[in-house]
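Before any comments, here is the structure.
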Amino acid sequence: MSRARGLFALAALALASVSGAGRAEEPAEDRDTMGPEVLHNPTLERTAEQGILRAVPIAIDLPIDIALRARRVLVHYRLWGDPDWTALELRRSGARYEGAIPCLEISTVTGDLRYYLRVHDAEGRVIATGASRARPYLVTIKHDTVLEPGEGKGAKCPDPADCPAGLLGCPSERVVEIACQSDADCEGGTTCSWRGFCERVDRRKNWFSLGVQQDVGAFATAGVCSLYSQENEGYACFRADDAQYTGTAVQTNTPPSGGLGPTRVVVGFERLIHYDTTLGLRLGWAFFGEGPTPREGTAFVPFSFAARATHWFGDDLFARSGPRPYTFVTGGYAMVDLKGRTVVRENPLAPPYQGGNDLEQEVTVWKRAGDGFVGAGAGLAFAWESRRAAFVEIAAHAVFPFGALVLAPSAGITLGF
Amino acid sequence: MLRAKLQNLCLGWASAALVAGCASDGLTPPEARIDTPGAFVAVEGYDEPGELTLVRILDRLQFEDARLLFMTVHDARPATYEEARELSKDPDLPIRELIRIEPDTVVTLSPHRIVWFRTLTKKEQERVP
């Protein structure tokens, strides 16, 4: 038996123990997230030697508690001079998993072969490991001429056609996709995709945004200049001489009015919770467009707050650059001052409370709408890189309890982290 | 009460659907009368036969069988009632006589029309002795 085979046998014997002196050398995060190390060997014994053009057999006997949960055992290996790691799946035989790194992969290249093992459960989660990418096992591939007599000289490569990969006794099948449950199950710069496999993509899940929003609104004007409406419904009417209207208005059916509302700077955070869905929060500050506050009226609050859920149209848009259309629902807190105009007809037969009011006069109406709103909208972001995008969007807000219909177009940039 | 509820309902519809027009379109709004303080009245033949004179009612004094009107007489000679109405909208319309006290028959016995209304300011109310 070669030294390599001796090592694997030693590893198998050590399976019953899942803790030991060697574990103190592993990175802390491996212990916390990757489950127990099932192949415990001291670091110095993680080496073996073997000749060229021979498969490297690997076998592992899992402890019963791990074996019951295990669905796949993958061996990740890297040949000398190869920049990439390759994964193979070991075949199961009871609690034992076995396979081999194909001898044609070994070929005639000498140098260190590095490998480690990862045990996945049915959901792709890593539940146990054997060595690690940082501290792998080493098999030094040597030319037959420098091996000790009788060492590492097993059968050489068979014809691949005679022994297809995956069959019992033949080389293991190469694993193209490694199942995962979270990014912690992936390594080497890969992340867990929404399909449940490790992928090498630059997908950012946290997005910060900065934008400017201009509110535009409409509101009903019938009866809004009555004292009741001005005292209780957020309206304020001003005559041409800038005096607040406090006369006795007749109820008329004037058409809705409206115009520009506050201009806000808005910062936001959105979290990608699925490849096409984000949840986010937005905070705003109105720096322009505040209306007058009548005496004893509620002061304008320039802060705004919104939560939103966004659906992105497309297949994994955040993994690449390009256009990103989306739609969203939102709700939150905001005061919206809207300016409009209406005609007030004075009641000549009522006791006059204010002088100088014509039978009919056009007045400026300010509506302080708010403080809550719900709405929906749509927009288009364009990512010139997968992690940087500019966006334009428009939302329609139904504002309550002081009602108004507010459109909120906005534009800005988003950065992914 | 019912009317107020109906008006509120109309407001609600206007607010919700942003539509103009309600059943209350058909209601006639209250109009100023000949003795309503603040009313502008164009009286025919008040100064000269066939001419219109624009007066503004400041106050009234009701007796058992008569009524006195306190009026401001404006320095304007509108040719039509429409012109009188437009002149009345000017808050700086020239005044010929600040206060005149007349029995209401001076107005009611002549052709006349209430052309405009504006609530009296404190200063205008103080013209009445």
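The values are calculated or read from the model by the stated rules, or taken from the named source; none is laboratory data. A quick note: this is a predicted structure, and the numbers were derived from the prediction, not measured. Cβ placement follows ideal geometry from the backbone for every residue including glycine, while neighbour counts extend to all protein chains displayed. Accessible surface areas use protein heavy atoms only, side chains included; no ligands, DNA or RNA. Shrake-Rupley method; radii C 1.70, N 1.55, O 1.52, S 1.80 Å.
Annotations
Condition check ((1) at pLDDT 50 or above; (2) open to solvent by less than 70 Å² (accessible area, probe 1.4 Å)) across all residues:
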site	(1), (2)
A:14	no, yes
A:22	no, yes
A:26	no, yes
A:36	yes, yes
A:42	yes, yes
A:65	yes, no
A:72	yes, yes
A:81	yes, no
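- When we screen B:65, B:75, B:47, B:92 for residues that are within 14 Å of chain A (Cβ to nearest Cβ), over 16 Å from the mean Cα position of the chain (by Cα) and more than 21 Å from residue A:347 (Cα to Cα), the only hit is B:92.
- Output for the stretch A:281-310, where each listed residue is surrounded by fewer than 19 Cβ atoms within 10 Å (Cβ to Cβ), farther than 16 Å from residue A:334 by Cβ and not acidic (Asp, Glu): A:292, A:293, A:294, A:295, A:297, A:309
- Residue count for the stretch A:85-143, restricted to those that are part of a strand (DSSP E or B), under 23 Å from residue A:188 (Cβ atoms) and of a type in the set (S, T, N, Q): 3.
Per-residue answers, yes or no, for (1) touching a residue at least 40 places away in the same chain (Cβ under 8 Å); (2) of a type outside the set (A, V, I, L, M):
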site	(1), (2)
A:362	yes, yes
A:367	yes, yes
A:375	yes, yes
A:390	no, no
A:397	yes, yes
A:401	no, yes
A:409	yes, yes
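- Options A:373, A:400, A:417; residue that is closer than 17 Å to residue A:261 by Cα and surrounded by fewer than 15 Cβ atoms within 10 Å (Cβ to Cβ): A:400
- Close Cβ contacts (under 8 Å, 6 or more residues apart or on different chains) running from residues in the stretch B:112-129 that are more than 7 Å from chain A (Cβ to nearest Cβ) to residues that are assigned to a helix (DSSP H, G or I) and open to solvent by less than 100 Å² (accessible area, probe 1.4 Å) comprise B:113/B:81; B:113/B:84; B:115/B:81; B:115/B:84; B:115/B:85; B:115/B:88.
- Some residue of the stretch A:225-236 being within 30 Å of residue B:92 (Cα to Cα) and in a loop (DSSP other than H, G, I, E, B): yes
- Scanning the stretch A:316-363 for residues that are hydroxyl-bearing (Ser, Thr, Tyr) and within 14 Å of chain B (Cβ to nearest Cβ) yields A:342, A:353.
Yes/no matrix, rows are residues, columns are (1) closer than 30 Å to residue A:316 by Cα; (2) open to solvent by 50 Å² or more (accessible area, probe 1.4 Å); (3) without any contact (Cβ under 8 Å) to a residue 12 or more places away in the chain:
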{"residue": "A:173", "(1), (2), (3)": "yes, yes, no"}
{"residue": "A:207", "(1), (2), (3)": "yes, no, no"}
{"residue": "A:212", "(1), (2), (3)": "yes, yes, no"}
{"residue": "A:217", "(1), (2), (3)": "no, no, no"}
{"residue": "A:229", "(1), (2), (3)": "no, no, yes"}
{"residue": "A:255", "(1), (2), (3)": "no, yes, no"}
{"residue": "A:258", "(1), (2), (3)": "no, no, no"}
{"residue": "A:265", "(1), (2), (3)": "yes, yes, no"}
{"residue": "A:277", "(1), (2), (3)": "yes, no, no"}
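Results for (1) touching a Phe, Trp or Tyr at 6+ places or on another chain (Cβ under 7 Å); (2) within 12 Å of another protein chain (Cβ to nearest Cβ); (3) modelled with pLDDT of 90 or more, shown as yes or no for each residue.
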| position | (1), (2), (3) |
| --- | --- |
| B:5 | no, no, no |
| B:14 | no, yes, no |
| B:19 | yes, yes, no |
| B:71 | no, no, yes |
| B:79 | no, no, yes |
| B:88 | yes, yes, yes |
